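One structure below.
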Amino acid sequence: MQVDTCIPGLDASLYLYFSLCENCSVAVFDSNRKRNARGEQRRQDLLQAAASVFIRLGYHETTTNAIALEAGVSPATLYQFFPNKEAIASALASMYASQMADAERALDPEHLLSFSDAIRQLLDLCIRFNQEHPDFHTLVMNAPLSADARDEKHALGQVFVDFIAERLQRARPELSRRESNRHAQVALMIFRGILNELLSATRKSRPRLRHAMHDAILGYLQPVLAPANTTPPLQRRRRITSEIPASRRQSP
């Protein structure tokens with residue numbers, strides 16, 4: 001059966017486009033392109049440009065054209081490395097999560113710091129990293145991250161939890177790993193809650209919020225270090241007082 005090659009409904013401009021491109025190469029995303037040194041350097045340059053745009057415009061207002069313009073490349077070149085904006089955001093978030101996790105793992109490896117000093121340094125490290133890379137927090141909060149990027153984010157949180165849980169167990173060996181992890185998870189929730197406020201606060205307000213974070217997390221963790229049968233003096237006094245019959249109590 002003979003096939004009619006004439007397509008009357010085909011738009012003339014579309015037909016011309018395919019005619020011109022028939023013998024030319026079209027830029028497409030290639031995941032292997034990043035494996036050579038030159039390609040990896042270009043990929044890092046594109047991520048750095050994306051970071052600048054995400055900081056300036058936020059995730060939702062950023063476009064791939066804006067990123068390409070910031071990097072000084074054509075959109076076609078950008079698409080050779082990343083298929084879309086979501087892939088760029090995920091790659092950037094994964095990179096930051098990995099860098100921050102490495103920094104946390106390198107903190108006090110010999111356990112030379114006291115418990116309180118170790119926790120303070122951990123918190124300050126995390127605050128400083130987020131302040132130096134504000135786009136990281138923007139992406140974590142707003143971007144639809146890939147499964148790999150979400151895994152990196154979860155791994156980062158686990159490094160934070162492990163750091164605290166390990167030091168709780170060193171200070172109180174009778175604590176189970178499950179108990180230590182639970183307390184460390186609460187500390188992580190406190191950190192994330194205050195971090196949101198700290199990053200959006202004015203420069204003048206940030207030191208106060210930093211100290212508030214230290215006080216809140218250490219205020220929660222330090223009682224965990226006390227032996228199980230130790231009750232803070234005020235609570236002990238209240239408990240003893242409640243056990244004395246009302247008729248025998250003396251007014252202070």
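The values are calculated or read from the model by the stated rules, or taken from the named source; none is laboratory data. This one's a predicted model, so the numbers in the text were calculated from it and none came from an experiment. Note: ideal-geometry Cβ built from the backbone for every residue, glycine included; neighbour counts use all protein chains shown.
Pull out all pairs, ordered by first then second residue, where Cβ-Cβ is under 6 Å, the residues are six or more apart or on different chains, the first lies in region 100-118 and is without any contact (Cβ under 8 Å) to a residue 24 or more places away in the chain, and the second is assigned to a helix (DSSP H, G or I).
Partner pairs satisfying both residue conditions: D108/A118.
Answer yes or no as to whether D135 is surrounded by 14 or more Cβ atoms within 10 Å (Cβ to Cβ), among the acidic types (D, E) and more than 18 Å from L218 (Cα to Cα).
yes
What tally of residues in region 149-180 results from selecting those that are farther than 22 Å from P109 by Cα, surrounded by fewer than 21 Cβ atoms within 10 Å (Cβ to Cβ) and among the small types (G, A, S)?
Result for region 149-180: 0.
Failed condition for Q80, given (1) within 24 Å of R42 (Cβ to Cβ); (2) not in a helix (DSSP H, G or I), with all others met?
Against the list (1) within 24 Å of R42 (Cβ to Cβ); (2) not in a helix (DSSP H, G or I), Q80 comes up short only on (2).
Could you check, for region 81-102, whether at least one of its residues is touching a Ser or Thr at 6+ places or on another chain (Cβ under 6 Å), surrounded by 21 or more Cβ atoms within 10 Å (Cβ to Cβ) and farther than 20 Å from R150 by Cα?
Taking every residue of region 81-102 in turn, none turns out to be touching a Ser or Thr at 6+ places or on another chain (Cβ under 6 Å), surrounded by 21 or more Cβ atoms within 10 Å (Cβ to Cβ) and farther than 20 Å from R150 by Cα.
Could you list all residues from region 83-99 that are of a type outside the set (A, V, I, L, M, F, W, C) and assigned to a helix (DSSP H, G or I)?
K85, E86, S90, S94, Y96, S98, Q99
Among the listed residues D135, D117, D124, D162, which satisfies the condition of being touching a helix residue (DSSP H, G or I) at 6+ places or on another chain (Cβ under 6 Å) and not hydroxyl-bearing (S, T, Y)?
Being touching a helix residue (DSSP H, G or I) at 6+ places or on another chain (Cβ under 6 Å) and not hydroxyl-bearing (S, T, Y) holds for just one of D135, D117, D124, D162, which is D135.
Per-residue answers, yes or no, for (1) of a type in the set (A, V, I, L, M, F, W, C); (2) more than 27 Å from I190 (Cβ to Cβ):
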site: E40; (1), (2): no, yes
site: L69; (1), (2): yes, yes
site: Q80; (1), (2): no, yes
site: E86; (1), (2): no, yes
site: D102; (1), (2): no, no
site: R120; (1), (2): no, no
site: C126; (1), (2): yes, no
site: H137; (1), (2): no, no
site: V140; (1), (2): yes, no
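Mind checking whether some residue in region 49-66 is closer than 16 Å to H133 by Cβ and in the same structural domain as A171 (by TED's automatic domain parsing)?
no
Give the residue, chosen from S146, S200, S205, that is in contact with a helix residue (DSSP H, G or I) (Cβ under 6 Å, 6 or more places away or on another chain) and either surrounded by fewer than 16 Cβ atoms within 10 Å (Cβ to Cβ) or in the same structural domain as S116 (by TED's automatic domain parsing) (or both).
Step by step, each of S146, S200, S205 is checked, and only S146 is in contact with a helix residue (DSSP H, G or I) (Cβ under 6 Å, 6 or more places away or on another chain) and either surrounded by fewer than 16 Cβ atoms within 10 Å (Cβ to Cβ) or in the same structural domain as S116 (by TED's automatic domain parsing) (or both).
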